[in-house]
């Protein structure tokens, strides 16, 4: 497989070097169906599942038979809590449930690689040597994005916990900061631009390749 190289920039958007990308991760073909399946799985897990209705046995009242069985000329009725009556119970209504389900780790990993590779192909991936802010302030984070020429929705991936960076981006509505361990397909597709530090690229690549190695055993 051919080598993949990406330019590494500084926060001021100056070229500072290149980075070898793992083809096993960043050359994955676009798999639209798999991406859709993984997004559906992720959004299903986030559903509240709190919708609830009362069935006939849950509705208050209905103890007495509305009228006698015969001789009234009306249809038989045993309870005014019947689903056929106004104010009665609901038939086959929703109840609290968990909508979540799981796909295989291999499928999720392949989808993540496909989303990353597509960002690279569409030139929407920017790799920085590092991110360092003078202070943990929103204006400094916004200034960095302006230097990079990014005025769109952007997902920023760092290699690990960094409170100043995470706090600085918190009030920017078009920006989300994720640690490499939490990178996922839904957020990759939701945000138009992707910014990663070199360390984050290494962490994600290591995670993907280690998963492939375990799957091959």
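FYI, it's all coordinate maths here, none of it is from the lab. Just so it is clear, the structure is predicted and the values come from calculations on it, not from any experiment. Quick reminder, even Gly has a Cβ in these numbers, built from the backbone with ideal geometry, and neighbours come from all protein chains shown.
Just to confirm the number: angle between the C-alpha axis of helix 32-45 and the first principal axis of the chain, 0 to 90 degrees, nearest 10? Roughly 60 degrees, rounded to the nearest 10. For the chain, the longest principal axis of the alpha carbon atoms and the long axis of helix 105-121 meet at an angle near 50°.
Specify the residue with the greatest mean-square fluctuation among 87, 33, 17, computed from a Gaussian network of the chain linking alpha-carbon atoms under 10 Å apart. So, out of 87, 33, 17, the one fluctuating most is 87. In summary, the convex hull built on the alpha carbon positions of region 50-138 has an orientation-averaged projected area of 14.5 nm². Taking 22, 132, 122 as the candidate residues, the one with maximal mean-square fluctuation in a Gaussian network model of the chain, Cα springs under 10 Å, is 122. What FRET efficiency would be calculated for the residue pair residue 107, residue 69, taking the C-beta separation as r and a Förster radius of 45 Å, to the nearest 0.05? The value I calculate is 0.15. The label-point distance for residue 170 and residue 14, in a model that sets each label 7 Å from Cα toward Cβ, rounds to 3.3 nm.
Measuring nothing but alpha carbons in the chain and taking Rh as the Kirkwood radius, the Rg to Rh ratio lands at 1.28. Put simply, the convex hull of the Cα atoms in region 97-217 casts, on average, a shadow of 8.9 nm². Relative contact order of region 53-93: 51 percent, from C-alpha pairs under 8 Å at least 6 residues apart in sequence.
Straightening the chain between residue 146 and residue 121 buys 6.7 nm, computed as 0.36 nm per residue apart minus the Cα-Cα spacing. Just checking the listed ones, 193, 42, 161: in the Gaussian network model of the chain with Cα springs under 10 Å, the one fluctuating most is 161.
Arranged from highest to lowest average of other beta-carbon atoms within 10 Å per residue, in what order do the peptides 93-99, 194-200, 170-176, 181-187 appear?
Values: 93-99: 11.1, 194-200: 21.9, 170-176: 14.1, 181-187: 16.7.
Those peptides, ordered most packed to least, come out 194-200, 181-187, 170-176, 93-99.
With 0.36 nm allotted per residue and the present C-alpha distance subtracted, the residue 139-residue 50 stretch has 28.1 nm of extension available. Each stretch of four or more DSSP H residues adds -39500 (n - 2.57); spread over every residue of the chain, this sum gives -10500 deg cm²/dmol at 222 nm. For the pair residue 43 and residue 4 in one chain, pulling the backbone fully straight at 0.36 nm per residue adds 10.8 nm over the alpha carbon distance.
Protection proxy ranking, highest mean first, for peptides 10-16, 202-208: 202-208, 10-16, where packing is the per-residue count of other beta-carbon atoms within 10 Å, averaged. Beta bridges assigned by DSSP with both partners in the chain are antiparallel in approximately 30 percent of cases. Rg/Rh, computed from the Cα trace of region 53-93 with Rh as the Kirkwood radius, has the value 1.02.
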